[in-house]
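Enquirer: Submitted below is the structure of interest, expressed as structure tokens.
The values are calculated or read from the model by the stated rules, or taken from the named source; none is laboratory data. Note that the structure is a prediction, hence the values are computed from the model and not measured. Here Cβ is always computed from backbone atoms with ideal geometry, including for glycine, and neighbour counts include all displayed protein chains. Ligands, DNA and RNA are excluded from the accessible area calculation, which covers all protein heavy atoms including side chains. Shrake-Rupley method; radii C 1.70, N 1.55, O 1.52, S 1.80 Å.
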Amino acid sequence: MRTHLVICLDGIGPEYLAASHTPTFDELGRRGWRTIGQGAMPSVTNVNNVSMVTGGPPALHGITANYYFDRATGQSVYMESADFILAPTIFERATRHGRNSMVITSKDKLRTLIARGASEVISAESPPAWAVDAVGSPPPILSVEVNHWLFRAAIAACRNQPPDLLYLTLTDYAQHKYAPETEESQANIAMLDSLLAELLNTGPEFTVVAAADHGMRAKTRGLDLGQILAEAHVAADAIPIIKDRYVVHHQNLGGSAYVYLENISQLAEAVALLKSEPGVESVWEREAAATEFQLHRDRIGDLFVLATEETVFGALPSAREEVSVRSHGCLHTRAIPIIGYGPGLPREPFKFNYEAANWIQW
């Protein structure tokens with residue numbers, strides 16, 4: 001039998017693979033193809049995981065950040081439910097063709113968000129008994145080792161009864177904590193590579209696409225866009241696209257933000273003010289942002305603000321702060337590795353990570 005294997009290498013930008021010993025990834029690239037492509041924008045986990053399981057950008061599926069502000073009701077919610085997704089998933093398509101599918105993830109937020117239609121869903125945060133019996137209790141979800149547990153759960157599943165489709169999505173705690181050249185990072189990537197080799201030797205024939213959702217950069221400048229606008233008497237809510245329940249690794253500081261103005265007549269003033277702020281790379285009005293970055297226009301702010309490579313946006317003690325954090329969300333963390341191998345894949349590499357969903361034909 002053949003298993004379609006899609007791996008989301010959360011936060012593992014090209015430099016992480018380049019700095020580490022990865023004979024398995026290297027061999028897959030030699031036998032298939034390997035490229036540096038792009039993820040969806042904003043370059044955050046929820047947006048890109050949903051893109052990878054629906055086969056298109058946020059304009060298709062509607063997930064534009066981790067956090068959704070409903071201007072009509074004034075309510076804000078974390079987008080952790082599949083009810084927010086506006087497009088069918090690869091798991092639903094598999095079910096329609098009588099195929100079984102499995103999702104393995106670390107966090108429950110992805111279990112409830114991306115796995116609609118999957119035959120079985122495994123989360124390290126709430127693991128099933130059989131997985132604990134097979135590979136032991138999972139480490140904390142905010143740990144380097146949790147990704148190793150996810151691979152071991154996938155290995156156990158494929159040794160027992162391989163699914164037709166396996167979606168394995170990692171977490172990026174290690175990349176938030178360690179730069180590519182560190183011993184800790186290199187040991188982690190080498191372990192993931194070794195576990196991938198073990199997974200590929202479990203029995204079924206695999207067609208593999210491994211792609212990151214986003215990269216990672218060291219950040220030294222922090223900006224609170226809401227405070228900056230308030231200083232100029234422009235009332236607005238500035239929501240960083242990375243805002244999440246899990247804050248230890250990135251402190252809710254990300255490389256882009258949506259700005260919702262209380263008074264739209266101040267739009268031009270807000271644009272000019274933000275464009276002049278050191279650390280702001282570009283400012284896009286709603287329609288231009290939706291077109292340029294293929295965003296769902298009803299789920300973004302009046303402005304989409306992108307940070308420079310060393311800058312993050314978020315809620316801070318003051319409008320401008322020095323920070324020391326590794327994070328993502330901007331254009332500088334959009335470049336990602338994409339590796340493909342196996343029957344059915346096109347000869348030319350994918351340009352976007354979300355093309356992974358569209359090569360699966362039942």
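Enquirer: Mind checking the dipole of segment 1-114: about its Cα centre, +1 per Lys or Arg Cβ, -1 per Asp or Glu Cβ, Debye to the nearest 20?
Expert: 400
Enquirer: Based on alpha-carbon atoms only, what is the radius of gyration of segment 37-86 relative to the globular estimate 2.2 N^0.38 Å?
Expert: Normalised Rg, Cα atoms only: 1.13.
Enquirer: Next question. Please give the charge dipole size of segment 163-231, origin at the Cα centre, charges +1 on K and R Cβ atoms and -1 on D and E Cβ atoms. Round to the nearest 20 debye. Show your work: numbers first, answer last.
Expert: Working: 4 positive and 11 negative charges, 56 e Å.
Result for segment 163-231 is approximately 260 debye, rounded to the nearest 20.
Enquirer: Using alpha carbons only, how many degrees (0 to 90, rounded to 10) separate the axis of helix 146-160 from the longest principal axis of the chain?
Expert: The helix 146-160 is inclined about 30 degrees to the chain.
Enquirer: Still on this model: With springs only between Cα atoms under 10 Å, which of ARG347, ARG320, ARG111 fluctuates most in a Gaussian network model of the chain?
Expert: Maximum among the listed residues: ARG347.
Enquirer: Hey, if we sort HIS97, HIS4 by accessible area with the 1.4 Å probe, largest down, what's the order? Write out the running numbers ahead of the final one.
Expert: Details: HIS97 110, HIS4 5 Å².
Result, largest first: HIS97, HIS4.
Enquirer: Considering only protein heavy atoms and a probe of 1.4 Å, how much of the accessible area of the chain is carbon and sulfur, as a whole percent?
Expert: Reported share for carbon and sulfur atoms: 48 percent.
Enquirer: Rounded to two decimal places and with Rh computed the Kirkwood way over Cα pairs, what is Rg over Rh for segment 281-331?
Expert: On the way: Rg = 12.7 Å, Rh = 12.4 Å.
Here the Rg-to-Rh quotient is 1.02.
Enquirer: Moving to a separate point now. Enter the accessible area of TYR341 (Å², nearest 10), with the probe set to 1.4 Å and all protein chains included.
Expert: For TYR341, the solvent-accessible surface is approximately 60 Å².
Enquirer: Another question about this same structure. Work from the charge dipole of the chain (Cβ charges, +1 for Lys and Arg, -1 for Asp and Glu, about the Cα centre) and give the residue of ILE85, LEU273, SER20 farthest towards its positive end.
Expert: ILE85
Enquirer: Same structure, new question: Could you work out the pair-distance distribution P(r) of segment 133-223 from its alpha-carbon pairs, with 10 angstrom bin width and percents rounded to whole numbers?
Expert: 14, 44, 29, 9, 3, 0
Enquirer: Enter the angle in degrees (range 0 to 90, nearest 10) between the Cα long axis of helix 45-54 and the first principal axis of the Cα atoms of the chain, meaning the one along which they spread out most.
Expert: 50
Enquirer: Equivalent-ellipsoid semi-axes (√(5λ), Cα gyration tensor) for segment 246-362, whole Å, largest first?
Expert: Details: eigenvalues 215, 76, 29 Å².
Semi-axes from the Cα gyration tensor: 33, 19, 12 Å.
Enquirer: Also: Connecting C-alpha atoms closer than 10 Å in a GNM of the chain, tell me which of HIS148, HIS233, HIS176 has the biggest fluctuation.
Expert: For the chain, modelled as a Gaussian network with Cα springs under 10 Å, the answer is HIS233.
Enquirer: Further, regarding this structure: Give me the dipole magnitude in Debye, nearest 20, for the chain about the Cα centre, with unit charges on the beta carbon: positive for Lys and Arg, negative for Asp and Glu.
Expert: 900
Enquirer: Considering Cα pairs under 8 angstrom that are at least six residues apart, work out the relative contact order of the chain and quote it in whole percent.
Expert: Rounded, it is 30 percent for the chain.
Enquirer: Among ILE114, ILE228, ILE300, which one shows the biggest mean-square fluctuation in a GNM of the chain, springs joining Cα atoms closer than 10 Å?
Expert: Greatest mean-square fluctuation among the candidates belongs to ILE228.
Enquirer: Further question on the same structure: Tell me what the chain gives for mean residue ellipticity at 222 nm when only DSSP H runs of n ≥ 4 count, each as -39,500 (n - 2.57), the sum divided by the residue total, rounded to 500 deg cm²/dmol.
Expert: About -8500 deg cm²/dmol.
Enquirer: Just by accessible area at a 1.4 angstrom probe, what is the order of GLU309, GLU92, GLU277, GLU348 from largest to smallest? Don't skip to the answer; put the middle values down first.
Expert: Values: GLU309 75, GLU92 45, GLU277 20, GLU348 130 Å².
Largest to smallest exposure gives the sequence GLU348, GLU309, GLU92, GLU277.
Enquirer: In terms of the Cα gyration tensor, with a ≥ b ≥ c the square roots of its eigenvalues, is segment 154-302 rounded because a/c is under 1.5, prolate because a/b exceeds b/c, or oblate?
Expert: prolate
Enquirer: Right, another one. Tell me, what is the per residue accessible area of segment 13-60 in Å², probe radius 1.4 Å?
Expert: Working: 1500 Å² over 48 residues.
That works out to 31 Å² per residue.
Enquirer: I need the per residue convex hull volume for the chain, using only the alpha carbons, in cubic angstrom as a whole number.
Expert: Measuring per residue, one finds 123 Å³ for the Cα hull of the chain.
Enquirer: Something else: Using only alpha carbons, build the gyration tensor for segment 1-103 and give me the equivalent ellipsoid semi-axes, biggest first, whole Å. Working shown, then result.
Expert: On the way: eigenvalues 176, 83, 21 Å².
The answer is 30, 20, 10 Å, longest axis first.
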